[in-house]
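**Q** Okay, handing you the structure first.
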Amino acid sequence: TRKIARKAESDFFAFTPKSQREGIHTFGHLTGLGRLPSPRRLELVPYALSKTQNPVVAPGDPFRKKNDVVGGAGLDLKYGITSNLTLDATFNPDFGQVEVDPAVVNLSAFETFFPERRPFFVEGARIFSFGEMRTQNSSNGYAFLHSRRIGRAPTRFIDGDWVDAPLETTIDGAVKLTGRSKGGWSLGVLDALTAEEQARFRDATGDHRAVVEPRSNYFIGRVKRDLRGGNTTVGMGFTAVNRDLSDPALKPLYRSAAYALGMDWQHAWGNRTWAFDGAVTATTNLGSPQAIAELQLSPARYYQRPDLKAVRFDPTRTSLDGYVAEATLARIAGKHWRGTLTFQNYSPGFEINEAGFLGGTNMRGIAPLISYSENTPGKHIRNWSQYLFWNPSWNYDGDMTFTGVGSITVWETANFWDYFLRFDWRPPVFDDVFTRGGPIARTVSGRGAMIQIDSDRRKRYTYGVFARYYEDHAGGWNQSIGPRATLRPSTALRVTLQPTFSRVHSMAQYVARRSDPLATRTYGSRYVFATLEQHQVSMVTRVDWTFSPGLSLQLFAQPLVAAADFHDYKEFLRPRAYDFHVYDGSEISKSGGVYTVDPDGAGPAGSFTFNDRDFNRRSLRGNAVLRWEYRPGSALFFVWQQSRFASRPTGRFDFNQDFNDLWSVQPENVFVLKATYWIGI
């Protein structure tokens, strides 16, 4: 394929009509080469680095120093076992030159997903992909392998007057074997060992050390076989995570082992016009009753829900098992009409977060979509497509927990501008995570719209804008707008600017749960909510500057300011409804950042408290990487990372004040000088 950017044109050696499916099956074959040598090449890339940390040190901190200089060394290895089978290994790797993650404000109960950027795990990651379905619509999803779990931030919290805890887990070593056999088998094996991490802390009894992340081993295996000239593939995947919990304090906190085993397939027929794809994955997690109880109580399942019927919380369990089954029937080619029909079943006990990534479970859903496309250019429209879709899903109790009907229209005009327009309507459903472990609630209907416009991609300067608005019947709404620009003043320089502004007006933001035997309608607990006013502004800036073939600069920076004002505190009244009682002045009072609620007028004996949730946050995250390849395969990196963070409990959004205050926050700087040296044998 040759891509000609100035013409927005792609030229294919093996031409595929727009009405047919593209892919390897359309490629040409190079023949007549005879017997070719298969050299076994060994590559060694040792590295050495010096790192200077300049953290914010509080007066009297016994562990951290203003300037802390540390060194490090490691080795990367690549060995070509055969022409189609490669062994990669890394020992004590350092990924300090990788772009930092952006800052986010997450008020939900679920984890934020960040993509993998570390070179060792990114290279060849495609061979580990599992369960891919050629669907254009689905109601849920999971990642069989999320390699960012390897070397994650330590998860044990240490409470002390002074605490010095590592920010990431050291990877002692990792080995990866990838390749493809002559018989059509694709193979991927990855094994990684992470070190035990300890934190230093001081309390009233003196200085101590505690393990905050146990030594762990991660194993991932993937095998796939192509049949019928690639029209059919079948495969299996396996992950295993084992932890050393010899320290008794770790057993209640961590699972001792987690395993996942899956089978997936893709099958196409009718000249790849139709496809039937799917996967079945089973998981098991082992650990102490406390560790398995934490899984049962997690936001993914909430087994403690008082009105949950399908499963019940069992504090004596030492294992948790579950499965996922997914399949899709799709028309993936055709001149105009295409579509997909997807079925998904996530059992409540499915848990893959030790080596993968998962949001929610306990759902069964179908997801139909139909589309019509026109690829023949006209006088004003080069191409356009229309999509209609529906996403109903139910939990294992039979309650419909989501349904949405939507329409998407995309088109490209004759001047190469692209447009995207989406409309959604969501009828009332039940929400089994609304009270975060409490009784199920009823949501109200809502509707929304989204638009995106992108300018002519052939130009050196391109612009675009993204806007979204959603409102519900209760009076809540959220909106966001994100203009962006990509500037290419020369072939060596590219600057990307992407500011984003968002506002949220939620009528029912979860705040707290408090036990009260008088709250009989809500099973002996009171669930406190609030009206939320949230503002957020951020600016993502990226610069890619290539000074010469061997010298380049990459820059990423993201300032962010956010404010959240919680007010009109209220109480959830009854299950299977969207009904609240707003506390009046005689029921709620505030003193020193703490609210006291007396819902029954019973005095101190019947009152409860919770902290004020208002906040203003100011953050800056960024890094700059100067890379000089001083000889082929060998490079010198100079890295500067800076982070700033401050918070105050006001809740009032004032962009000018917050943005100006951001630059008065004392920064934490990290400077890294890293050198690699390529040795080829």
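The values are calculated or read from the model by the stated rules, or taken from the named source; none is laboratory data. Please read all numbers here as calculations on a predicted model, not as lab measurements. FYI the Cβ positions are ideal-geometry reconstructions off the backbone, even for glycines, and counts take in every protein chain you see. The accessibility values were calculated without ligands, DNA or RNA, using every heavy atom of the protein model including side chains. Shrake-Rupley method; radii C 1.70, N 1.55, O 1.52, S 1.80 Å.
**Q** Given N residues in the chain, what is its alpha carbon radius of gyration divided by 2.2 N^0.38 Å?
**A** Dividing the Cα Rg of the chain by 2.2 N^0.38 Å gives 1.05.
**Q** For the stretch 129-267, report the accessible area per residue in Å² (1.4 Å probe, heavy atoms, rounded to an integer).
**A** Value for the stretch 129-267: 47 Å² per residue.
**Q** For the stretch 359-486, what does the accessible surface come to per residue with a 1.4 Å probe? Please give it in Å².
**A** Normalised by residue count, the accessible surface of the stretch 359-486 is 48 Å².
**Q** Right, here's the next one. Would you list V163, V670, V639 from the most to the least accessible area, probe 1.4 Å?
**A** The ordering from most to least exposed comes out as V163, V670, V639.
**Q** Moving on. Could you tally the net charge around I440, taking each other residue with its Cβ under 10 Å from the Cβ of I440, Lys/Arg +1 and Asp/Glu -1?
**A** Around I440, the surrounding residues sum to -2.
**Q** Additional query: What order do V665, V597, V234, V189 take when sorted by accessible area (1.4 Å probe), most exposed first?
**A** Correct descending sequence by accessible area is V234, V189, V665, V597.
**Q** Work out the charge dipole of the chain with +1 on the Cβ of Lys and Arg and -1 on the Cβ of Asp and Glu about the Cα centre, then indicate which of F434, P55, G404 is farthest towards its positive end.
**A** The Cα lying farthest towards the positive end belongs to G404.
**Q** Can I ask one more? Got the relative contact order for the stretch 592-657 handy, in percent, Cα pairs under 8 Å and 6 or more residues apart?
**A** That works out to 30 percent.
**Q** While we're here: Carbon and sulfur: what percent of the stretch 277-318's accessible surface (1.4 Å probe)?
**A** Carbon plus sulfur share of accessible area: 61 percent.
**Q** What are the equivalent ellipsoid semi-axes of the stretch 294-391, built from the alpha-carbon gyration tensor (square roots of five times its eigenvalues), in whole angstrom, biggest first?
**A** Its equivalent ellipsoid spans semi-axes of 42, 13, 12 Å.
**Q** Rounding to the nearest 20 debye, state how big the charge dipole of the stretch 305-366 is about its Cα centre with +1 on each Lys and Arg Cβ and -1 on each Asp and Glu Cβ.
**A** With Lys and Arg at +1 and Asp and Glu at -1, about 440 debye.
**Q** Of all accessible surface on the stretch 76-203 at a 1.4 Å probe, what whole percent is carbon and sulfur?
**A** Heavy-atom surface of the stretch 76-203 belonging to carbon and sulfur, 1.4 Å probe: 53 percent.
**Q** Then there is this: Exactly which trypsin sites (Lys or Arg not before Pro) in the stretch 147-254 are in a DSSP loop and have at most 11 other Cβ atoms within 10 Å?
**A** Filter output for the stretch 147-254: K182.
**Q** Along the charge dipole of the chain, pointing to its positive end and built from +1/-1 on Cβ of Lys, Arg, Asp and Glu, which listed residue (L193, G601, M507) has its Cα farthest out?
**A** L193
**Q** Averaged over every viewing direction, what's the projected area of the C-alpha convex hull for the stretch 316-357? Give it in nm², one decimal, please.
**A** 4.4
**Q** Please give the per residue accessible area of the stretch 504-575, computed with a probe of 1.4 Å over protein heavy atoms only, in Å².
**A** Value returned for the stretch 504-575: 41 Å² of accessible area per residue.
**Q** Follow-up. Straight-line reach from K590: which lysines have a Cα under 22 Å away, not including same-chain ones fewer than 8 places off?
**A** Excluding near neighbours in sequence, the set is K570.
**Q** Taking all protein chains together and a probe of 1.4 Å, list W678, W390 from the most accessible to the least accessible.
**A** W390, W678
**Q** Ignoring ligands and nucleic acids, what accessible area does H535 show with a 1.4 Å probe (Å², nearest 10)?
**A** H535 has an accessible surface of roughly 40 Å² with all protein chains in place.
**Q** Divide by every residue of the chain the summed helix terms, -39500 (n - 2.57) for each DSSP H run of at least 4, and state the resulting mean residue ellipticity at 222 nm, rounded to the nearest 500 deg cm²/dmol.
**A** Per the formula, -1000 deg cm²/dmol.
**Q** Treating only the Cβ of Lys, Arg, Asp and Glu as charged (+1, +1, -1, -1), what charge dipole size does the stretch 197-350 show about its Cα centre? Round to the nearest 20 debye.
**A** Using Cβ point charges on Lys, Arg, Asp and Glu, the stretch 197-350 gives about 580 debye.
**Q** Give me the percent of accessible area attributable to carbon and sulfur for the stretch 553-681, probe 1.4 angstrom.
**A** 56
**Q** Only Lys, Arg, Asp and Glu count, each charged at its Cβ (+1, +1, -1, -1), so figure out the dipole size of the chain about its Cα centre, rounded to 20 debye.
**A** 2740
**Q** Which whole-angstrom value gives the distance between the alpha carbon centres of the stretch 576-624 and the stretch 1-74?
**A** Between the Cα centres of the stretch 576-624 and the stretch 1-74 lies a distance of 48 Å.
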